[in-house]
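Right, one structure below, let's go through it.
The values are calculated or read from the model by the stated rules, or taken from the named source; none is laboratory data. From a predicted model like this one, the values you see are computed outputs, not experimental measurements. Every residue, glycine as well, gets a Cβ built from its backbone with ideal geometry; the counts of neighbours run over all protein chains shown. What goes into the accessible areas is simple: the full protein's heavy atoms, side chains included, and nothing from ligands, DNA or RNA. Shrake-Rupley method; radii C 1.70, N 1.55, O 1.52, S 1.80 Å.
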Amino acid sequence: MMFRFDNSYARLGETFFTRVLPTPVSAPRLLKLNLGLAQELGLDSNALASPEGVEVLAGNRVAVHAEPLAQAYSGHQFGHFNPDMGDGRAILLGEIVTPSGARRDIQLKGSGPTPYARRGDGRAALGPVLREYIVAEAMQALGVPTTRSLAVVATGDTVYREAALPGGVLTRVAASHIRVGTFQYFASRGDLAGLRALADHVIARHEPDLAGAADPYASLLERVIARQARLIAHWLCIGFIHGVMNTDNMTVSGETIDYGPCAFMEAYDPGAVFSSIDRQGRYAYANQPSIAQWNLARLAECLVPVFVDKAEAVERANAALGTFKTHFQAAYLGGLRAKLGLREARDDDGALALDLFERMAANRVDFTLLFRTLGEASLSPAADPHVAALFDDPAAFAGFAEKWRARLASEGGTAQARADAMAQVNPAFIPRNHRVEAAIEAAVQRDDLSVFEELVAVTARPFDEQPEHAAYRLPARPEERVTQTFCGT
Ligand code: AMP
Ligand code: MG
């Protein structure tokens, strides 16, 4: 048996999903199996890589005890509510419980149309599948809560987008695929019983200690808000831009989901937008906290009708939404302090970080390199020229360096301990956009997976020095620069 399924979502009942089988593909070929993840999940990687296993990962064979289904959900897409979304090209095979007791969804993405496909073909192009694989696994290595990538299969079929492209199927693993939009689906239909059943399911799965709370659904809202606030703070601290923060792309587990037109910022710019479909900059880097809060307000609207204490429901929901900022600020400031090597929390830490960010923005400084190099400078001012060289005007660093050094000097701890701590939060390696594109191009155009493999290996150890891979630290040269990313749907 490949997976020991225990399908709690399938037991919720037919209003939550539609049962549908994956559509077979013509010539499945396993391009990547995540051996480390397979082991964590307690799966037999030999079985997964066997011909039968590959057929399962391609959707050509249904695994024993799988109950394939497409989940129903709604969503606000760029601010506009769409009541009828759902998994148009993803199929949940079922859930497994890992050796450490964690419940995980096993989902195929790109496995053929479902009743929610509308006019879509239910397929994914191989390029975006590889992109999701790379970025999700890099996020995991960076310590950011995220869905995972277990496998990539090439289908042997062509998908038609702006061009004819090879197809792929991603096996995605998640704590759950339940979204803010899943709650919106039931709320928009006035199905309060469904809403309660969904909330109970989410509590059992993600917040079991809330089961006995006086007002569990109110507490659930508070938890999701706190988790999302921390998640977005984490994104900002590594320069990540999700690109499509629609409510259907926001989980209630607090995991990052749906790596479409996402990107890591290179030159620091709070207004950075990469997604080709985000013409108004709604989901720009620095807008992400306020968008998350907006999305969570939509979740609050769904949950208020099922709060136990009706009299105080709206007040409690508003109070919960108000805590977003507190949770976010605490996590973000904490993250920035760690990035700057500050051990103590002081009132003017935010101002110190802002001063640096203003200089970075004015001087197009690479976000990732700056913080990594700052770690070296924390040991000795002899490294200052390395940091200053990242600025268009190298003199712009000195004003910050002086204040920063004075602050560091006023704290306890050894310089080496501080530098070591900084190297644990400031990555040397992120999946830079041009590297991701190069990996995809080699795989798709030349059937060469070595570029993808190397990028995956390097970004799996983001905080290690890896001197042999120093070139992966560097931002794109002007001619390599990626200015737009595409969702590829
Ligand atoms: P996404 O932009 O990937 O978050 O998808 C938004 C919505 O469109 C979801 O309901 C997807 O299931 C659906 N969708 C995206 N691409 C396709 C496709 N190729 N075929 C069917 N449905 C799709
Ligand atoms: Mg989505």
Practice problem: Taking all protein chains together and a probe of 1.4 Å, list 337, 172 from the most accessible to the least accessible. | Solution: 337, 172
Quiz item: If you put +1 on each Lys and Arg Cβ and -1 on each Asp and Glu Cβ, how big is the dipole of the chain around its Cα centre, in Debye rounded to 20?
Solution: 540
Self-check item: Degrees separating the helix 192-206 axis from the principal Cα axis of the chain, which is the longest one
Solution: 50
Quiz item: Measuring with a 1.4 Å probe in the full set of protein chains, what accessible area per residue, in whole Å², belongs to the stretch 199-272?
Solution: 23
Self-check item: Convex hull of Cα atoms in the chain, direction-averaged projection (nm²)
Solution: 23.1
Quiz item: Gap in Å between the Cα centre of the stretch 327-369 and the Cα centre of the stretch 394-439?
Solution: 10
Exercise. Give the accessible surface of the stretch 9-177 per residue, rounded to a whole number of Å², with probe radius 1.4 Å and ligands, DNA and RNA excluded.
Key: 36
Self-check item: Local net charge near residue 444, Cβ-Cβ under 11 Å (Lys/Arg +1, Asp/Glu -1)
Solution: -2
Quiz prompt | Potential lengthening between residue 192 and residue 446 on full extension [0.36 nm per residue; Cα-Cα distance subtracted] | solution = 86.2 nm
Quiz item: When you take every Cα atom in the stretch 195-325, what is the radius of gyration, and what is Dmax, the widest Cα pair distance, in Å?
Solution: 15.8, 49
Quiz item: What is the Cα centroid distance between the stretch 221-281 and the stretch 52-110, reported in whole angstrom?
Solution: 22
Quiz item: Which whole-number percentage describes the relative contact order of the chain, with Cα contacts under 8 Å and a sequence gap of 6 or more?
Solution: 14
Quiz item: At a 1.4 Å probe radius, carbon and sulfur cover how many percent of the accessible area of the stretch 9-177?
Solution: 52
Practice problem: Select from the stretch 59-153 those trypsin sites (Lys or Arg not before Pro) which occupy a DSSP coil region and have at most 15 other Cβ atoms within 10 Å, ordered by residue number. | Solution: 118, 119
Quiz item: What whole-number value in Å² describes the accessible area per residue of the stretch 348-489 for a 1.4 Å probe?
Solution: 47
Quiz item: What is the spin-label model distance, in nm, from residue 415 to residue 345 if the labels are put 7 Å beyond Cα along the C-beta direction?
Solution: 2.9
Quiz item: Please state the equivalent ellipsoid semi-axes for the stretch 341-489: what are the square roots of 5 times the Cα gyration tensor eigenvalues, largest first, in whole Å?
Solution: 33, 18, 13
Quiz item: How far is helix 396-409 tilted off the main Cα axis of the chain, in degrees rounded to 10, range 0 to 90?
Solution: 90
Self-check item: Angle between the chain longest axis and helix 216-238 axis [Cα atoms, degrees, rounded to 10]
Solution: 50
Quiz item: From the residues 57, 390, 311, which one has its Cα farthest along the dipole of the chain in the positive direction, the dipole being from +1 and -1 charges on Cβ of Lys/Arg and Asp/Glu about the Cα centre?
Solution: 311
Quiz item: What does the highest-first list of 464-471, 346-353 look like by mean Cβ count within 10 Å?
Solution: 346-353, 464-471
Quiz item: Taking only the alpha-carbon positions of the stretch 9-177 and ignoring solvent, what does the Debye formula give for the base-10 log of I(q)/I(0) at q = 0.11, 0.19 Å⁻¹?
Solution: -0.43, -1.34
Quiz prompt | Net charge contributed by nearby residues that have their C-beta within less than 14 Å of residue 198 (K/R +1, D/E -1) | solution = +1
Self-check item: Dipole moment magnitude, nearest 20 debye, the stretch 1-155 about Cα centre, only Lys, Arg, Asp, Glu C-beta charged
Solution: 280
Quiz item: Which net charge results for the neighbourhood of residue 140, defined as the other residues with beta-carbon distances under 14 angstrom from its beta-carbon, given Lys and Arg at +1 and Asp and Glu at -1?
Solution: 0
Exercise. Quick one: pull the percent of accessible area on the stretch 247-361 belonging to carbon and sulfur, 1.4 Å probe, ligands and nucleic acids left out.
Key: 54
Self-check item: Cα lying deepest toward the dipole's positive end in the stretch 181-337, options 187, 238, 320, charges on Cβ
Solution: 238
